[in-house]
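The values are calculated or read from the model by the stated rules, or taken from the named source; none is laboratory data. Computed from a prediction, not measured in an experiment: that's the story for all the values here. So basically every Cβ, Gly included, is an ideal-geometry build from the backbone, and we count neighbours across all protein chains shown.
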Protein chains: 2
Amino acid sequence: MEIILAKHAGFCFGVKRATQIAFEAAAAANGDGTYTLGPIIHSPQVVRRLEEMGVKVLRDLSSLEKGTIIIRSHGVTEAEISAALAKELRVVDATCPFVKKAQEYVKELSSQGYDVIVLGDHDHPEVEGIVSYASGNVHVVACGRDIDPLPKMKRIGIVAQTTQSMEHLQDVVSAALTKGTEIRVYNTICDATSVRQNEARDLASRVDAMVVIGGYNSANTRRLAEICLEIQPNTHHIESDEQLCAPWFAGCAKVGITAGASTPKWLIDGVMERIAALVEDKKD
Amino acid sequence: MEIILAKHAGFCFGVKRATQIAFEAAAAANGDGTYTLGPIIHSPQVVRRLEEMGVKVLRDLSSLEKGTIIIRSHGVTEAEISAALAKELRVVDATCPFVKKAQEYVKELSSQGYDVIVLGDHDHPEVEGIVSYASGNVHVVACGRDIDPLPKMKRIGIVAQTTQSMEHLQDVVSAALTKGTEIRVYNTICDATSVRQNEARDLASRVDAMVVIGGYNSANTRRLAEICLEIQPNTHHIESDEQLCAPWFAGCAKVGITAGASTPKWLIDGVMERIAALVEDKKD
């Protein structure tokens, strides 16, 4: 049986960078008084490894008076950064540079008097962070239809959650054109998502089983699993190798593997080894 | 037989204003040394009336050394305005304020370093005028497909010929989103066009014959005629009442009338009277 790993499976640039920054900060502090605000990335395994190094995950800063706070790849709200600085905590910013761009664009558009529209999932931490940089009106929309109830606006600024699709952005911009005279769009979509999705689509059509690896709290991994499932019914979304079942691979000539942007390489390697072992066991 | 005139048939705001300015300028100068650069509006009859008052239509300014030059409703190029001023001609600007806005937006976008895309008919005088205000790269496109061969651009500014449709603008903006990171759109489409088209569509579906009045060189009149023809095969585009034929109205209970944005009221009135007379003649 052949196991094929998608070329761009796993860590994207921003996640790789954030993870590296977090492990370096943890090592430097010997884990002492080091925290992340929310999980550093949407990978339970990476979070656990950091915890083993003494890095604790905080839900908010209320109880923290000193130490190092690492800002997660998805970013946090402007108020949270301000609070951390006001408490004179040491802030290590691991926000993905592409997310940071989106935050900066919202701040710029808002300060220039634009009503801001953010295309994204309104309860996603990345979107909550981006939205917080608006000083004036701001609306979160998931699609063009969400624009319909909005009032007419003079100047509309639009940015997108970095993991959104181009089709969604086109839909939202088309709707916004009916609402205002000036529309200024910053396309903050990161290519990594569409590249990974296109690869998954292609791979799923060429194999007899697909395994998608990543946290159940990772939106981009869930989307990858949906895409693969549409093409290959024998698709399974797992968080770790312990969830693998031998019957999934019975009679399969080819098994495809992909992983979300926050899935570490060692986890992918582990899954691949375990699948190979499961298939070997069956042979015995 | 009932003759129904569309509510918004004929002169739009910009054409009414330009015609008024031209007749006032002609009257003030007693027609002496007064010119328009191209036809003041796309109505042969209005142009002829102005000619009877001594206002001549020039193709360019090369032969003109003194006098008053009236800038037509569609506007002219920046170079032509500059040439007129350099020759110390008296410039009477009858450019439609909505077209002027589009010219100003192109100038602003271009000076701020945007590559400019103008949605419009590349050989229409309005578009030629708008485009001339770009100091950097500028592309005229008729639809989204025209964007495909363009290179990647960093910042894209988009404006539209005032008579374009919202669907065309949405199509072009969607395509432009794949070409650059920042897209800044000024929606310079004038509602008058869509209002007149929607009325024509409605009227054509309720009558037994449609008459569309306006110059054959008027793009918006031709578009009106096309729209009506799709719904009512007994549709006729005429420039004046002399072209009316009695058989068009044989057996008709209702006749609908609409007219392009540059068709004067007296021309519409004349057509309506003539249709009534033709039908009366038949009865005798």
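Checking the condition outside the structural domain of A:T34 (by TED's automatic domain parsing) and under 30 Å from A:G33 (Cβ atoms), which residue from A:E126, A:E78, A:E88 passes? Among A:E126, A:E78, A:E88, only A:E126 is outside the structural domain of A:T34 (by TED's automatic domain parsing) and under 30 Å from A:G33 (Cβ atoms). When you check B:S174 against the structure, is it part of a helix (DSSP H, G or I), over 24 Å from B:G129 (Cα atoms), within 13 Å of another protein chain (Cβ to nearest Cβ) and out of contact with any Leu (no Cβ under 7 Å at 6 or more places or on another chain), yes or no? So B:S174 passes the test. When B:R196 is tested against (1) of a type outside the set (F, W, Y); (2) in contact with a Leu (Cβ under 8 Å, 6 or more places away or on another chain); (3) not assigned by TED's automatic domain parsing to the domain that holds B:H237, only condition (3) is not met.
Within this structure, B:E167 passes the test of being modelled with pLDDT under 95 and either part of a loop (DSSP other than H, G, I, E, B) or not basic (K, R) (or both).
The number of residues in the stretch A:181-195 that are modelled with pLDDT of 95 or more and either in a strand (DSSP E or B) or small (G, A, S) (or both) comes to 5. Residues in the stretch A:14-28 include none that are over 13 Å from A:T95 (Cα atoms) and either assigned to a loop (DSSP other than H, G, I, E, B) or in the same structural domain as A:T221 (by TED's automatic domain parsing) (or both).
Checking the structure you have, find out if any residue of the stretch B:194-204 is farther than 27 Å from B:I40 by Cβ, under 24 Å from the mean Cα position of the chain (by Cα), more than 13 Å from chain A (Cβ to nearest Cβ) and small (G, A, S). For the stretch B:194-204, residues farther than 27 Å from B:I40 by Cβ, under 24 Å from the mean Cα position of the chain (by Cα), more than 13 Å from chain A (Cβ to nearest Cβ) and small (G, A, S): present.
Looking at the stretch A:206-228, which of its residues are among the aliphatic types (A, V, I, L, M) and either within 22 Å of A:V279 (Cβ to Cβ) or without any contact (Cβ under 8 Å) to a residue 12 or more places away in the chain (or both)?
A:V207, A:A209, A:M210, A:V211, A:V212, A:I213, A:A225
Looking at B:A259, B:A253, just one residue is in contact (Cβ under 8 Å) with a residue 60 or more places away in the chain, hydrophobic (A, V, I, L, M, F, W, C) and either buried (at least 23 other Cβ atoms within 10 Å of the Cβ) or in contact with a His (Cβ under 6 Å, 6 or more places away or on another chain) (or both), and that residue is B:A259.
Of the candidates B:I189, B:I257, the single residue that is within 14 Å of chain A (Cβ to nearest Cβ) and aliphatic (A, V, I, L, M) is B:I189. So which residues in the stretch B:243-278 are more than 23 Å from the chain's Cα centre (by Cα) and charged (D, E, K, R), if there are any at all? B:K254, B:E273, B:R274 - these are the residues of the stretch B:243-278 that are more than 23 Å from the chain's Cα centre (by Cα) and charged (D, E, K, R). Just one of the listed residues (A:V172, A:V140) is outside the structural domain of A:S262 (by TED's automatic domain parsing) and touching a residue at least 24 places away in the same chain (Cβ under 8 Å), namely A:V172. Among the residues of the stretch A:145-171, the ones that are among the charged types (D, E, K, R), more than 10 Å from chain B (Cβ to nearest Cβ) and under 25 Å from A:E226 (Cα atoms) come to 2 in all.
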